[in-house]
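Take a look at the structure set out below.
The values are calculated or read from the model by the stated rules, or taken from the named source; none is laboratory data. On a predicted model such as this, the values are computed, not experimentally measured, just so you know. Glycine gets a Cβ as well: all are built from the backbone with ideal geometry, and neighbour counts include every protein chain shown. Heavy atoms of the whole protein, side chains included, go into the accessibility calculation; ligands, DNA and RNA do not. Shrake-Rupley method; radii C 1.70, N 1.55, O 1.52, S 1.80 Å.
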Amino acid sequence: MIENLFWVGYVGAATALFFAFLQARKVFKYEEGNETMVKIANAIRAGANAFMKRQYSTVAIFLIVIFVILSAFAYIPLLMGRDEGYINKFTPFAFITGGFFTALCGFVGMKVSTNANARTANAATKSLNSALRVSFASGSVMGFIVNGLAILEITTWYMLLKYAFKVEDAVIANTMVTFGMGVAVVAVFARVGGGIFTKAADVGADLVGKVEAGIPEDDPRNPAVIADNVGDNVGDVAGMGADLHESNSNALVATIAISFGAGYGIAGFMLPIIISVVGILCSILGTFFVRTKEKADQKTLLNSLRRGVYIAGGAAAVITLPLILFVSNNAELQEGYAISMADNAWGLYGAVLIGIIAGFIASLFTEHFTSDASKPTRDLAASSEDGSAPLIIGGLSLGMKSTAGPILTISGATILSFIISGGFRYMDSSAIFDYNMGLYGIGLAAVAMLATNAIILATDAFGPVADNAGGIAEMAGLPPEVRQRTDALDSLGNTTAATGKGFAIASNAFTGLALLVSYVNIAQDKAAEAGKKVLDLSIVNPPVLVGFFAGSAVVFLFAALCMSAVQRAAQSIVREVRRQFREIKGLLEGTPGVEADYATCVDICTRGALKQMIAPAMLTISGPIIAGLLLGASGVVGYLAGIIVTGFAMAVFMMNSGGAWDNAKKHIEAGHHGGKGSNNHKAAVIGDTVGDPLKDTSGPSFNNVITVSCTVAIVFIGITVAFSLL
């Protein structure tokens, strides 16, 4: 009976994609504004399209190369007489489809956002609520595309493997995990490449424009202003969409893979899909509650977005209960297992509740440390009274302090969801550990945390649109109240972007644990098939310990590569902006008819981002393979543990420091501590410039580092077992 419910996945996907279509139509019904606004919007669109085309062309080459390598390991051994290849024969094709759908998410999100920016600015001439509705509708398109495509592709792969190729359920589960590798690889390229572009342009524009020349942000005299606006779309929208699609997809496939080890069979397979579909429906409900009044302060604006998110999460928590009971009570007891899914139904629901609540708590910690309505950020803004050095030191301290809350939240949620879902219980006065049941609960918590991802991503993705709208308002010379409205939304977007990123890394910590367990299970099976000893996962086993150190070191090396990439690309923009100010007579003075060469800055950012994104991406992809060959499967477990633990902490630190610096600057620009143009403001701009690559390039990229490392390790486990030195 449960097996016949897979149509639910298609219904959920169709609902999400149809709602995204309606939201896109809603955006396009608004007018773009006057001729100047349309001209600026067209320039931003052209730059974004050019970058995406060149980026995806580069990524396509890597996908083809990896596809060929995977195909060779999958099929050449078969031609040589082996019973099976070193890699599952479906893996190359799952890899390609996963990569394609991830790229599609980023492309659609970028297309809509670049058409929403001028429309948001024009709507802001009427009211704050109108501007919020347009930008939020644009963000909703990205949110629902991400979730809809994830469910669509996973459901379709299941149907193909189950009914077209007649594959056993356990093989289907393992194939699903390898599908996650394609999703993760494209996401890491999109996030890193887009992050380098946007922060190089932003840093270059701020340092020369605001600090050296003393001109306003988004002033049309600044040659990097269009590149800065392009970067908001390719980094904070397209890159983020690919990132969240990857998080959602891998949470689903990791939980699905564990379901068979827990003895839940097809019911365990179906439950994550059903929870995700419920999340989509509840997210649609939540969008209707996002509205605000004119002259709303940041706290009121934030509450308007919270209202939609909390309603969606609360509705999901209520609706999933009867569905979990239904699926569990109709699940068959699997052969060789003493505990059925029905016996753990309430425990599984408890894990779902824990996931939803943990996501909200983690996001509240992030909001507390980054919102300009909160004391930490306002204290940080006040530290600018004594220059940029105290502000930078304070921001670093704030970021480090902010890691404790999310880490303790996820740690507590992990233990609770493990215990409550059947991982630890007493039976006949004896303590019994059933790790797979408990780990399935952890996976469900991750899925539940991301179930309402559509509305959470919508509250995140609207921010870059509002930022672009403010730039267009400035360059088009719209009335001051228009810029005030877009600035209010931009500042709100900085906070929601920080909380959205915190939400994503928290869920990725859950997902990483589930993928790590999948790796251990598959590695044990492969080792047994090859006649090798069972893995020694003791922390004092040298390969495990060395692997842990190596994984931690890779986290810092990856962050360094991303930071230095932004530095080099930004230096090129700084030199170009200075050259144009120096050589284009009348540009800085604002002489009528004299225009900056925007296209050159866009091209410099594009070339720099595409060149610099390769090293950190290849480090992430190659790291687990090298660790496997040198340290064996046990060493890879340590390597992945180091990546997950250190990457999680580093991501929270970087994103919250950067978010706090950004909103401290916005707080000063709102008229506090001297306002725009003051020494305090200049100090805050420097702090924001330091924080930009932390919060928008290195920090959020650790989502992808965690999942790429885990999925690559799983895909290449056969090669690790066959050829490792240890």
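Assorted remarks:
- Residue pairs meeting the criteria (Cβ under 6 Å; at least 6 apart or on separate chains; first closer than 17 Å to SER698 by Cβ and of a type outside the set (Asp, Glu), in region 616-627; second in a helix (DSSP H, G or I) and open to solvent by 10 Å² or more (accessible area, probe 1.4 Å)): PRO616/LEU561; GLY623/VAL554
- Selection of region 1-29 for residues being open to solvent by less than 90 Å² (accessible area, probe 1.4 Å), over 29 Å from the mean Cα position of the chain (by Cα) and not hydrophobic (A, V, I, L, M, F, W, C) yields only GLU3.
- Checking each residue of region 321-343 against the condition of being at pLDDT below 80, among the polar types (S, T, N, Q) and touching a helix residue (DSSP H, G or I) at 6+ places or on another chain (Cβ under 6 Å) gives at least one match.
- For ASN703, the conditions (1) buried (at least 24 other Cβ atoms within 10 Å of the Cβ); (2) over 25 Å from VAL183 (Cβ atoms) are fulfilled apart from (2).
- Considered as a group, the residues in region 503-532 that are open to solvent by 50 Å² or more (accessible area, probe 1.4 Å) and among the polar types (S, T, N, Q) include one that is farthest from MET449 (Cα to Cα), and that residue is GLN524.
- Contact map, region 113-130: residues that are closer than 20 Å to GLY235 by Cβ paired with residues that are at pLDDT 90 or above and surrounded by fewer than 18 Cβ atoms within 10 Å (Cβ to Cβ), Cβ distance under 7 Å, separation 6+ or inter-chain. Pairs shown: ASN115/PHE28; ALA118/VAL38.
- Of everything in region 533-565 that is open to solvent by less than 40 Å² (accessible area, probe 1.4 Å) and in contact with a Pro (Cβ under 6 Å, 6 or more places away or on another chain), the residue that is farthest from VAL637 (Cα to Cα) is CYS562.
- Qualifying residue in region 127-149 (condition: outside any helix (DSSP H, G or I), within 30 Å of ILE472 (Cβ to Cβ) and modelled with pLDDT under 90): yes
- Selection within region 56-78 - more than 23 Å from the chain's Cα centre (by Cα), crowded, with 17+ Cβ neighbours inside 10 Å and among the aromatic types (Phe, Trp, Tyr): PHE67, PHE73
- Residue in region 297-316 that is under 27 Å from GLY659 (Cα atoms), β-branched (Val, Ile, Thr), more than 24 Å from the chain's Cα centre (by Cα) and modelled with pLDDT under 90 present: yes
Yes/no matrix, rows are residues, columns are (1) open to solvent by less than 10 Å² (accessible area, probe 1.4 Å); (2) within 25 Å of ILE539 (Cβ to Cβ):
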site: LYS585; (1), (2): no, no
site: TYR598; (1), (2): no, no
site: ASP603; (1), (2): no, no
site: GLY608; (1), (2): no, no
site: ALA617; (1), (2): yes, no
site: VAL636; (1), (2): yes, yes
site: ALA641; (1), (2): no, yes
site: GLY658; (1), (2): yes, no
site: LYS665; (1), (2): yes, no
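- If only residues of region 608-623 that are in contact with a Gly (Cβ under 9 Å, 6 or more places away or on another chain) and not hydrophobic (A, V, I, L, M, F, W, C) are counted, the one that is farthest from ARG568 (Cα to Cα) is GLY623.
- Extreme residue, farthest from ASN42 (Cα to Cα), among residues of region 88-111 that are open to solvent by less than 10 Å² (accessible area, probe 1.4 Å) and among the β-branched types (Val, Ile, Thr): THR91
- The listed residue being in contact with a helix residue (DSSP H, G or I) (Cβ under 7 Å, 6 or more places away or on another chain) and in contact (Cβ under 8 Å) with a residue 24 or more places away in the chain, out of GLY477, GLY405: GLY405
- Residue match in region 566-573 (condition: among the charged types (D, E, K, R), surrounded by fewer than 23 Cβ atoms within 10 Å (Cβ to Cβ), within 30 Å of SER709 (Cβ to Cβ) and free of Cβ contacts under 8 Å to residues at least 24 places away in the same chain): no
- When GLY182, GLY261, GLY214 are screened for being small (Gly, Ala, Ser) and more than 30 Å from ILE2 (Cβ to Cβ), only GLY214 passes.
- Scanning region 499-543 for residues that are small (Gly, Ala, Ser) and outside any helix (DSSP H, G or I) yields ALA530, GLY531, SER538.
- Residue within region 439-460 that is of a type outside the set (A, V, I, L, M) and out of contact with any helix residue (DSSP H, G or I) (no Cβ under 8 Å at 6 or more places or on another chain) present: no
- Number of the exception - LEU396 against (1) under 27 Å from the mean Cα position of the chain (by Cα); (2) under 30 Å from ILE258 (Cβ atoms); (3) surrounded by fewer than 22 Cβ atoms within 10 Å (Cβ to Cβ): (2)
- Candidates ASN229, ASN233, ASN222, ASN174: the one that is outside any helix (DSSP H, G or I) and either closer than 26 Å to GLY687 by Cα or out of contact with any strand residue (DSSP E or B) (no Cβ under 6 Å at 6 or more places or on another chain) (or both) is ASN222.
- Single unsatisfied condition, VAL225 versus (1) surrounded by fewer than 24 Cβ atoms within 10 Å (Cβ to Cβ); (2) more than 21 Å from ILE145 (Cα to Cα); (3) at pLDDT 85 or above: (1)
- Any pair with Cβ under 9 angstrom, 6 or more apart, that starts in region 280-291 at a residue that is part of a helix (DSSP H, G or I) and ends at one that is among the basic types (Lys, Arg) and surrounded by fewer than 23 Cβ atoms within 10 Å (Cβ to Cβ): GLY286/ARG307
- Answer residue from region 253-269, given it is among the β-branched types (Val, Ile, Thr) and open to solvent by less than 10 Å² (accessible area, probe 1.4 Å) and is farthest from ILE151 (Cα to Cα) among those: ILE258
- Of all residues in region 144-177, those satisfying the criterion of being touching a Ser or Thr at 6+ places or on another chain (Cβ under 8 Å) and either open to solvent by less than 10 Å² (accessible area, probe 1.4 Å) or under 25 Å from VAL230 (Cβ atoms) (or both) are PHE144, ASN147, GLY148, ALA150, ILE151, GLU153, ILE154, LEU161, ALA173, THR175, VAL177.
- SER634 vs. criteria at negative phi, among the hydroxyl-bearing types (Ser, Thr, Tyr) and in contact with an Asp or Glu (Cβ under 8 Å, 6 or more places away or on another chain): yes
- The residues listed here are THR255, THR366; of these, the one that is of a type in the set (S, T, N, Q) and closer than 25 Å to ASN521 by Cα is THR255.
- Of all residues in region 204-222, those that are open to solvent by less than 10 Å² (accessible area, probe 1.4 Å), within 30 Å of the chain's Cα centre (by Cα) and over 17 Å from GLY470 (Cα atoms) total 1.
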